[in-house]
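For reference, the structure is listed below as structure tokens.
The values are calculated or read from the model by the stated rules, or taken from the named source; none is laboratory data. Predicted model, so just to flag it, every value in this text is computed and none were measured. Here the Cβ positions follow ideal geometry from the backbone for every residue, glycine too, while neighbour counts run over all protein chains shown. Calculation scope for accessible area: heavy atoms of the full protein, side chains included, ligands and nucleic acids excluded. Shrake-Rupley method; radii C 1.70, N 1.55, O 1.52, S 1.80 Å.
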Amino acid sequence: MSPAKKAPAKKAPTKNAKAKRTMSDDHKAAIAVGRVQNKAVAEYLDGLEATKRGPGRRRTPESIAAQLAATDESIANTTGIQKLELFQKRINLSADLAALGNQDVDMGALEAAFIEHAAGYSERKNISAKAWRQAGVAAATLKAAGIK
């Protein structure tokens with residue numbers, strides 16, 4: 001007779017073994033809503049920052065082009081240090097013009113998405129109207145979003 005073979009012993013589960021977790025459909029939906037709200041708010045705030053106006057008159061491509069033309073005219077009539085400074089001014093104005101052209105931000109669309117999602121975001125993150133105002137959001141936009 002051959003000795004009976006023992007069946008391999010089963011390993012006992014360890015204390016650190018993690019049970020497989022699954023998210024409920026409600027939880028998945030809540031996460032999706034949060035992502036949409038976050039995206040709308042972040043893009044609007046980024047758009048505000050990109051189109052932020054400093055003190056003084058708003059610079060337009062036309063006003064910068066006029067300054068460039070005046071600078072080119074001045075370059076023709078000067079010499080020495082003044083000419084050097086005007087060359088630098090022309091370089092700076094050209095860079096400003098290029099940067100202004102790269103600000104193709106559709107604030108209307110961003111604001112519409114913000115208005116749709118900001119109240120839910122604000123409630124979820126406990127953000128006050130005062131904080132929104134300090135971030136640069138207009139009072140009329142907050143009112144349209146339902147944030148008081």
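Table for the structure above
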read-out	value
Accessible-area value, residue 87, 1.4 Å probe, nucleic acids and ligands omitted, Å²	80
Surrounding net charge for residue 110, when Lys and Arg each add one and Asp and Glu each subtract one, Cβ distance under 9 Å	-4
Farthest toward positive dipole pole in the stretch 59-108 [+1 Lys/Arg, -1 Asp/Glu at C-beta], among 79, 68, 107	79
Sum of side-chain charges, residue 96 neighbourhood, beta-carbon under 12 Å (Lys, Arg +1; Asp, Glu -1)	+3
Listed residue pairs exceeding 26 Å between alpha carbons, taken from 20/125; 52/130; 28/52	20/125; 28/52
Set of aspartates and glutamates near residue 143 by C-alpha distance (under 16 Å), chain-local residues within fewer than 8 positions excluded	111, 116, 123
